[in-house]
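The values are calculated or read from the model by the stated rules, or taken from the named source; none is laboratory data. Worth saying up front: this structure is predicted, and the values here are computed from it rather than measured. Neighbour counts run over all protein chains shown; Cβ positions are idealised from the backbone, glycine included.
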Amino acid sequence: MVDKLNIIIADENPGIVNLLKELCGSISGINVLGVARSKRMLIAKINHGNLDLILLDLTPGMGGIKIIDTIKEIDSDLNVIVTYDPKTQDSDILVNALEMGVYECIEKPGDVKSRQYNEFRLYLLTITGLLRSRKRFSNKPALKYKNKFFMPLKTRDKPSRPVSLMGKIDIVVMASSTGGPEILSRIFSILPGNLKVPILLVQHIPAAMTLYFAKSLNDKSELDIFQASHGDEILPSKVYIAPGGQHMTVSQPDAQGKRLIRMNSRPPVNSVRPSADVLFESIAKSYQGNILAIVLTGMGEDGKKGVGVMKNKGCICISQKAETCVVYGMPRAVDDAGLSDESLDPLNITQKIAMAVQ
């Protein structure tokens, strides 16, 4: 079939290679072209061409984090998913990989009966569908999608209606998932440090990586960016990132108008925790409008329901433009629901935020 996916497994561990081959073999439409057990083998297989996806372990023998740059130099369109063992792989390396443009970091399964095996298979099954759609439509020049993973539109994009943000904005809330770290790195490296409002962010990311992700963004930004904690006061020019594994909400204002960050470990919503819907719905209860919502690249529909609730209080929503998304899932959900006021590329989103809150 023309849309069959060609995958390389790049890993030095024979046991993991066999497990991943078995896992890939259980998914229709995947063709494992081969295995690379060293950097030299991997580069040779990439140069041979006809690849769609690499399952890559960032071991020293495979070239470490620098192999990502090498892969991009050879084929900038080649998709990479990093597989890792949390016992041996540093979280800061995984965060760097995400910011360099790999599309996900997935924990390696221990065996076929493990929770990680089922999670890995479900994720790869979803990615398979997205990539096969990309491959199926890639010969249609009218589409001209630049994103790596996408969900093809059944109809043409609705014309964007430029939004004036001259009115008062009290808070910015953001949601992102697959592809988010790279886009967020660009946005926060440009935003000025004198924003007059707080920014609250939900990025779907493993719990062990959130702290390093926040530190990495903070190192690139003039803003004060950090992993939020229960009881933090919400203040201007600060960026609060929801910890992986916890829902983040906002308290009601006290007599002085002070609001605090609240955390909870209630069940996942939209199969994720933290959930943007949980945060957004609490924002709608705490703020009487003047909300700017940004929905960025990501799989699924997390954020759509919450944006709808915030709209009832007074919210402007900007979604990321389809062709700039790694996965046009979350933005598409708000677009299709008629909840997005404007669809923009990341640079214009950054400029819009800066203009709205200074």
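Worth pointing out:
- Listed by first and then second residue, the pairs with beta-carbon distance under 6 Å, at least 6 apart or on different chains, first residue in region 334-357 and over 22 Å from Lys305 (Cβ atoms), second charged (D, E, K, R) and assigned to a helix (DSSP H, G or I), are Pro346/Arg186.
- Failed condition for Gly300, given (1) over 21 Å from Pro198 (Cβ atoms); (2) without any contact (Cβ under 8 Å) to a residue 12 or more places away in the chain: (2)
- In region 296-311, of all residues being surrounded by fewer than 22 Cβ atoms within 10 Å (Cβ to Cβ) and modelled with pLDDT of 95 or more, the one that is nearest to Gly180 (Cα to Cα) corresponds to Glu301.
- Reported count of residues in region 71-98, each being buried (at least 18 other Cβ atoms within 10 Å of the Cβ) and either within 24 Å of Asn18 (Cα to Cα) or of a type in the set (D, E, K, R) (or both), is 9.
- Taken as a whole, the structure places Ser133 among residues that are modelled with pLDDT under 80 and crowded, with 16+ Cβ neighbours inside 10 Å.
- Whichever residue in region 245-254 is touching a Leu at 6+ places or on another chain (Cβ under 9 Å) and more than 12 Å from Val173 (Cα to Cα) and, among such residues, is surrounded by the fewest Cβ atoms within 10 Å (Cβ to Cβ): Asp254
- Looking only at residues of region 29-44 that are part of a helix (DSSP H, G or I) and within 28 Å of the chain's Cα centre (by Cα), we find that the one that is nearest to Leu19 (Cα to Cα) is Leu42.
- Within region 185-222, considering residues that are in contact with a Lys or Arg (Cβ under 7 Å, 6 or more places away or on another chain) and closer than 18 Å to Glu99 by Cβ, the one surrounded by the fewest Cβ atoms within 10 Å (Cβ to Cβ): Ser189
- The residues on offer are Leu195, Leu165, Leu184, Leu200, and the sole one that is at pLDDT 50 or above, in the same structural domain as Ser237 (by TED's automatic domain parsing) and part of a loop (DSSP other than H, G, I, E, B) is Leu195.
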